[in-house]
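Take a look at the structure below.
The values are calculated or read from the model by the stated rules, or taken from the named source; none is laboratory data. Keep in mind that this is a model prediction, so the values were computed, not measured. Cβ atoms come from the backbone with ideal geometry, glycine included; neighbour counts cover every protein chain shown. Surface accessibility is based on the protein's heavy atoms, side chains included, excluding ligands, DNA and RNA. Shrake-Rupley method; radii C 1.70, N 1.55, O 1.52, S 1.80 Å.
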Amino acid sequence: MKRGALIGCGFFAQNHLHAWRDVDGAEILALCDRDEARLDETARRFGIERTYRDAAAMIEAEALDFVDIATTVQTHRPLVEMAASAGLHIVCQKPFAETMAEAQAMVQVATSAGVTLMVHENFRWQSAIRAAKAEMDRGAIGWPFWGRVSFRSAYDVYSGQPYLATDEKFIVQDLGIHILDIARFLFGDVASISASTRRVNPKIRAEDVATMMLVHESGATSIVDCSYATSLPRENFPETLLEIDGSEGTLRLDAGYRMTVHNGEGTIEHDVSPPLLRWAERPWHNIQESVLNIERHFIDCLSNGISPETSGADNLKTLALVYAAYTSAAEGNRTIAMRDAA
Ligand SMILES: NC(=O)c1ccc[n+]([C@@H]2O[C@H](COP(=O)([O-])OP(=O)(O)OC[C@H]3O[C@@H](n4cnc5c(N)ncnc54)[C@H](O)[C@@H]3O)[C@@H](O)[C@H]2O)c1
């Protein structure tokens with residue numbers, strides 16, 4: 001049994017805790033939050049008695065194998081460093097760090113301490129995205145030469161996560177990071193990126209629309225487009241839609257989790273809806289299931305001594321795309337070569 005503690009009992013951590021209950025081989029023994037009211041409320045909700053307002057005190061007092069860091073980005077570095085120096089394995093929420101230098105230092109600390117560091121980059125663990133990748137891997141559409149990975153919504157994310165309206169950076173750093181990671185997952189690492197960003201909603205501080213063009217090392221081109229300013233007849237939050245053109249066919253993941261694979265053998269439609277876990281709530285159930293999947297993956301990696309798909313080192317490549325996209329957008333959509341940005 002891997003014994004863990006959760007740091008940060010906020011909005012999204014509630015999903016972490018529900019999911020941890022469903023992960024065989026792991027148990028959350030203790031909780032930490034600086035905010036006493038949130039800590040007490042979460043402890044009561046999940047029946048976890050050992051609570052701390054200070055992470056260092058918790059790490060000192062508890063016999064742990066890992067920590068799950070679910071705070072916002074500003075505190076990731078000190079918490080990762082603290083856990084690594086105590087020899088604990090680490091899951092850390094995205095965005096992993098505020099700068100590339102900070103992220104590189106955090107990966108280095110974990111490597112030197114010999115601990116496993118996984119970034120909670122969960123979107124690629126959504127069952128619909130896994131289903132699309134499985135079709136590509138079995139060669140259903142041949143060589144994927146073009147793709148579009150798209151997330152467009154007008155869902156009010158600001159009420160649950162008020163910091164999204166006031167942070168200096170918004171959609172690329174918060175949501176685009178996931179969609180860029182899906183593009184890497186599907187088409188491989190990226191040679192170059194260019195981007196344009198806009199703020200449409202006047203009530204928020206930073207950009208809520210981003211369009212990015214990626215040229216992958218494989219030669220494929222992908223468009224990664226994100227918007228929280230797009231009011232559609234049907235609200236698709238929080239679905240990521242895919243269009244993938246391959247040398248032997250095409251794959252589409254349309255709204256409502258409908259995947260269509262077309263090739264020389266015909267056209268097959270699949271329902272790739274995520275299961276509605278007993279603690280999940282629509283429309284979040286897609287993301288909630290991916291939290292369970294990534295937590296299971298983490299425990300599997302610890303048990304079998306393997307590196308997580310979204311290890312800290314892997315996530316540097318996704319994070320580099322985020323910062324390169326901001327640079328490109330600030331410099332008139334200049335194309336950034338990723339070998340210069342990572
Ligand atoms: N992967 C996803 O799908 C997904 C979805 C939503 C949010 N997130 C990410 O999760 C993270 C948390 O977001 P949130 O909306 O839950 O934030 P939040 O502000 O609701 O919660 C963060 C909590 O951490 C606590 N905290 C901060 N620093 C601390 C410290 N040093 N020690 C102890 N507690 C501390 C705060 O008191 C707060 O309760 C963010 O990085 C966000 O981007 C990820």
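Could you tell me how many of the residues in segment 321-340 are surrounded by fewer than 23 Cβ atoms within 10 Å (Cβ to Cβ) and out of contact with any strand residue (DSSP E or B) (no Cβ under 8 Å at 6 or more places or on another chain)?
The qualifying residues number 5.
For residues that are out of contact with any helix residue (DSSP H, G or I) (no Cβ under 9 Å at 6 or more places or on another chain) and touching a residue at least 40 places away in the same chain (Cβ under 8 Å), tally how many sit in segment 230-248. I'd like the intermediate steps shown before the answer.
Our first condition is that a residue be out of contact with any helix residue (DSSP H, G or I) (no Cβ under 9 Å at 6 or more places or on another chain); within segment 230-248, this holds for 230-237, 241, 243, 245, 247-248.
The next check asks that each one be touching a residue at least 40 places away in the same chain (Cβ under 8 Å); those that pass are 230-232, 235-237, 241, 243, 245, 247-248.
Residues meeting the conditions: 11.
Counting residues that are over 30 Å from Asp24 (Cα atoms), which helices (runs of 4 or more DSSP H) fully inside segment 231-342 reach at least 2?
Numbers: elements: 285-304, 312-330, 338-341.
The qualifying helices (runs of 4 or more DSSP H) are 312-330, 338-341.
Over 16 Å from Leu242 (Cα atoms) and either touching a strand residue (DSSP E or B) at 6+ places or on another chain (Cβ under 7 Å) or within 16 Å of the ligand (Cβ to nearest atom) (or both): is that true of Thr197 in this structure?
On the way: over 16 Å from Leu242 (Cα atoms): yes; either touching a strand residue (DSSP E or B) at 6+ places or on another chain (Cβ under 7 Å) or within 16 Å of the ligand (Cβ to nearest atom) (or both): yes.
Yes: the conditions hold for Thr197.
What are the residues in segment 74-90 that are open to solvent by less than 10 Å² (accessible area, probe 1.4 Å) and either within 19 Å of Val291 (Cα to Cα) or in a strand (DSSP E or B) (or both), if any?
His76, Ile90
Which condition number does Ile177 fail, the rest of (1) open to solvent by 10 Å² or more (accessible area, probe 1.4 Å); (2) under 23 Å from Glu309 (Cα atoms) being met?
With respect to (1) open to solvent by 10 Å² or more (accessible area, probe 1.4 Å); (2) under 23 Å from Glu309 (Cα atoms), Ile177 is out only on (1).
Can you pull out the residues in segment 91-107 that are among the aliphatic types (A, V, I, L, M) and not in a strand (DSSP E or B)? Outline the logic, then answer.
Narrowing segment 91-107 to residues among the aliphatic types (A, V, I, L, M): 91, 97, 100-101, 103, 105-107.
Scanning segment 91-107 gives Ala97, Met100, Ala101, Ala103, Ala105, Met106, Val107.
Taking Phe298 as meeting all but one of (1) open to solvent by less than 20 Å² (accessible area, probe 1.4 Å); (2) in the same structural domain as Ala131 (by TED's automatic domain parsing), write down the number of the exception.
Checking Phe298 against (1) open to solvent by less than 20 Å² (accessible area, probe 1.4 Å); (2) in the same structural domain as Ala131 (by TED's automatic domain parsing), the one that fails is (2).
Got at least one residue in segment 139-157 being under 22 Å from Leu214 (Cβ atoms), among the β-branched types (Val, Ile, Thr), in contact with a Phe, Trp or Tyr (Cβ under 8 Å, 6 or more places away or on another chain) and within 15 Å of the ligand (Cβ to nearest atom)?
no
Which residue out of Ala110, Ala134, Ala140, Ala128 is outside any loop (DSSP other than H, G, I, E, B), assigned by TED's automatic domain parsing to the domain that holds Leu186 and open to solvent by less than 20 Å² (accessible area, probe 1.4 Å)?
Working: Ala110 fails: assigned by TED's automatic domain parsing to the domain that holds Leu186; Ala134 fails: open to solvent by less than 20 Å² (accessible area, probe 1.4 Å); Ala140 fails: outside any loop (DSSP other than H, G, I, E, B).
Result of the check over Ala110, Ala134, Ala140, Ala128: Ala128.
Would you confirm whether or not segment 64-72 contains a residue that is within 12 Å of the ligand (Cβ to nearest atom) and open to solvent by 40 Å² or more (accessible area, probe 1.4 Å)?
Yes, there is a match, as at least one residue in segment 64-72 is within 12 Å of the ligand (Cβ to nearest atom) and open to solvent by 40 Å² or more (accessible area, probe 1.4 Å).
Residues checked against (1) closer than 25 Å to Arg252 by Cβ; (2) in the same structural domain as Ile223 (by TED's automatic domain parsing):
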residue	(1), (2)
Pro275	yes, yes
Val291	no, no
Asn304	no, no
Glu309	yes, no
